[in-house]
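Chemist: Take this structure, written in structure tokens, and hold onto it; I'll ask about it next.
The values are calculated or read from the model by the stated rules, or taken from the named source; none is laboratory data. Source: prediction; values computed, not measured. Methodologically, a virtual Cβ is constructed for each residue, glycine included, from the backbone with ideal geometry; neighbour enumeration extends over all protein chains shown.
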Amino acid sequence: MRFSDYERIVFFTGAGLSAESGIPTYRGKGGMWSEYDYEDYACERAFRRDPEKVWDFHDKRRAAVFACEPNDGHRIIAEVQRERPGTVVITQNIDGLHQRSGATDVIELHGSLWRVRCDREHVVRDDASVPMSPRKCSCGAYWRPDIVWFEDSLDQRNLRRAHELLESCDLVVSIGTSGVVYPAADLPRIAMRSGATSVEINLDETPVSALYQHRLRGKASEMLASMR
Ligand code: NAD
């Protein structure tokens, strides 16, 4: 199975792809939410209660991610995208490493650590400062990280575009995702129902492994290299 056998490829990526860059995954040993309680740092209620505390936490995440580099997995995906223009990335990651590796068409289902928005003025902007400064918009309200936090809904336009792309792709490659965060976890099924070839790349079995036609067990970068 080679990328060159397909025209319209969707890479569906999760935290495991960035693990080789040194960014911790969500779940399991060393997972961020075993150390921090999301109710204090990553939900709208926490932000309303104490925006400075939430920004302190996100500044730490910005600094940690800023110090990391894209890995070979990100680079292979960006290369495939250059060679096969029908290729898109649908990611659950918020780290921006796909873009830093040169990928262009990236749907960020869960937002980005590198975007902020003002919910009072309905403005969104890119912001790569570390620490993020100033924390307030000119209207006086706090900028909010443009991230889909716990209890938030996904952006419906993003979700619609993801549906369309998955319905028309001929290969879906799911990489480094545990398949338990909904509704994102359901998306690869759309491609499967539409007849696309499906591949799961992961170190371990996941709750959705059985759905995939091909299961590659190993590090994301090595498994992607084996499909070149
Ligand atoms: P997850 O942490 O739930 O699962 C990670 C998966 O990656 C696991 O199944 C694990 O077995 C696999 N994995 C770990 N290292 C791997 C490697 N080197 N190669 C291949 N597979 C590997 O992550 P998820 O499914 O993406 O869901 C978590 C949520 O966490 C997402 O909503 C995302 O927004 C957020 N998150 C993002 C980042 C990031 O931006 N880098 C990091 C942590 C969490």
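Chemist: Restricting the range 119-153 to residues that are small (G, A, S) and touching a Lys or Arg at 6+ places or on another chain (Cβ under 9 Å), which is farthest from D59 (Cα to Cα)?
Modeler: Taking the range 119-153 first, the residues small (G, A, S) are 128-129, 133, 138, 140-141, 153.
Checking which are touching a Lys or Arg at 6+ places or on another chain (Cβ under 9 Å) leaves us with 128-129, 140-141.
Working: A128: 11, S129: 9, G140: 20, A141: 18 Å.
Result: G140.
Chemist: So is R217 out of contact with any Phe, Trp or Tyr (no Cβ under 8 Å at 6 or more places or on another chain), among the charged types (D, E, K, R) and within 11 Å of the ligand (Cβ to nearest atom) or not?
Modeler: Yes.
Chemist: Residue by residue through the range 80-99, note down the ones that are more than 12 Å from the ligand (Cβ to nearest atom) and not polar (S, T, N, Q).
Modeler: V80, R82, E83, R84, P85, G86, V88, V89
Chemist: Next up: Could you check how many residues of the range 186-211 are more than 14 Å from G16 (Cα to Cα) and surrounded by 13 or more Cβ atoms within 10 Å (Cβ to Cβ)?
Modeler: 14
Chemist: Just to be sure I understand, how many residues within the range 203-214 are within 9 Å of the ligand (Cβ to nearest atom) and in contact (Cβ under 8 Å) with a residue 24 or more places away in the chain?
Modeler: 2
Chemist: In the range 16-41, which residues are among the aliphatic types (A, V, I, L, M) and either at pLDDT below 95 or touching a helix residue (DSSP H, G or I) at 6+ places or on another chain (Cβ under 7 Å) (or both)?
Modeler: First, the residues of the range 16-41 that are among the aliphatic types (A, V, I, L, M): 17, 19, 23, 32.
Once the filter is applied, which keeps residues that are among the aliphatic types (A, V, I, L, M) and either at pLDDT below 95 or touching a helix residue (DSSP H, G or I) at 6+ places or on another chain (Cβ under 7 Å) (or both), the range 16-41 yields L17, I23, M32.
Chemist: Select, from E200, E222, E164, the only residue that is modelled with pLDDT of 95 or more and near the ligand (Cβ under 9 Å from one of its atoms).
Modeler: Going through E200, E222, E164 in turn, just one is modelled with pLDDT of 95 or more and near the ligand (Cβ under 9 Å from one of its atoms): E222.
Chemist: Quick one: in the range 169-183, of everything that is in contact with a helix residue (DSSP H, G or I) (Cβ under 9 Å, 6 or more places away or on another chain) and either over 20 Å from M1 (Cβ atoms) or among the aliphatic types (A, V, I, L, M) (or both), which residue is farthest from the ligand (Cβ to nearest atom)?
Modeler: L171
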